1. So Ser51 clears everything in (1) among the hydroxyl-bearing types (Ser, Thr, Tyr); (2) surrounded by 13 or more Cβ atoms within 10 Å (Cβ to Cβ); (3) free of Cβ contacts under 8 Å to residues at least 24 places away in the same chain; (4) under 21 Å from Val84 (Cα atoms) except one condition, right? Which one?
2. Determine if the stretch 60-73 includes at least one residue that is modelled with pLDDT of 90 or more, among the basic types (Lys, Arg), surrounded by 14 or more Cβ atoms within 10 Å (Cβ to Cβ) and not in a loop (DSSP other than H, G, I, E, B).
3. As an exercise: evaluate Ser79 against (1) assigned to a helix (DSSP H, G or I); (2) at pLDDT 85 or above and give the number of the one condition it does not meet.
4. Which residues, taken from the stretch 10-30, are exposed (fewer than 14 other Cβ atoms within 10 Å of the Cβ), assigned to a loop (DSSP other than H, G, I, E, B) and of a type in the set (Gly, Ala, Ser)?
5. If Asn44 meets every condition in (1) touching a strand residue (DSSP E or B) at 6+ places or on another chain (Cβ under 6 Å); (2) part of a loop (DSSP other than H, G, I, E, B) apart from one, which number is that one?
6. Does Leu33 count as farther than 15 Å from Met1 by Cβ, of a type in the set (A, V, I, L, M) and either assigned to a loop (DSSP other than H, G, I, E, B) or touching a residue at least 24 places away in the same chain (Cβ under 8 Å) (or both)?
Amino acid sequence: MTACFFNESWEMLRIAARDRFHQVARMKNLPELFDVQKLAIENNVLMSTLSGSGSTFFNMTYKDDAQPLLEKFRRRFPSFRSLVLDFDNDGVLFRD
């Protein structure tokens, strides 16, 4: 997965980010997460993965696609907290 970032190999990142060991079992505790991931993948995210051990999903997309995807998430999952976050060398910057 690291090589995908260094080489900007986004198609390979989509493949490398698929968790075949733990994600499905953990998502069964919150079945709506399958719909979260499905919506993300249908909207061509670069990667979609369960973050940590719980109910947070990390979906990475091109900057221009972030806002339209955010709006789709907010319409489809109004009770969820959906954010667009930026990367930078000092960490993550929150932007609502």
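1. (2)
2. Yes - at least one qualifying residue is present in the stretch 60-73.
3. (1)
4. none
5. Condition not satisfied by Asn44: (1).
6. When the stated conditions are applied, Leu33 passes them.
The values are calculated or read from the model by the stated rules, or taken from the named source; none is laboratory data. Only a predicted model underlies this, so the values are computations on that prediction, with no experimental measurement involved. Virtual Cβ from ideal backbone geometry, glycine too; neighbours counted across all protein chains shown.
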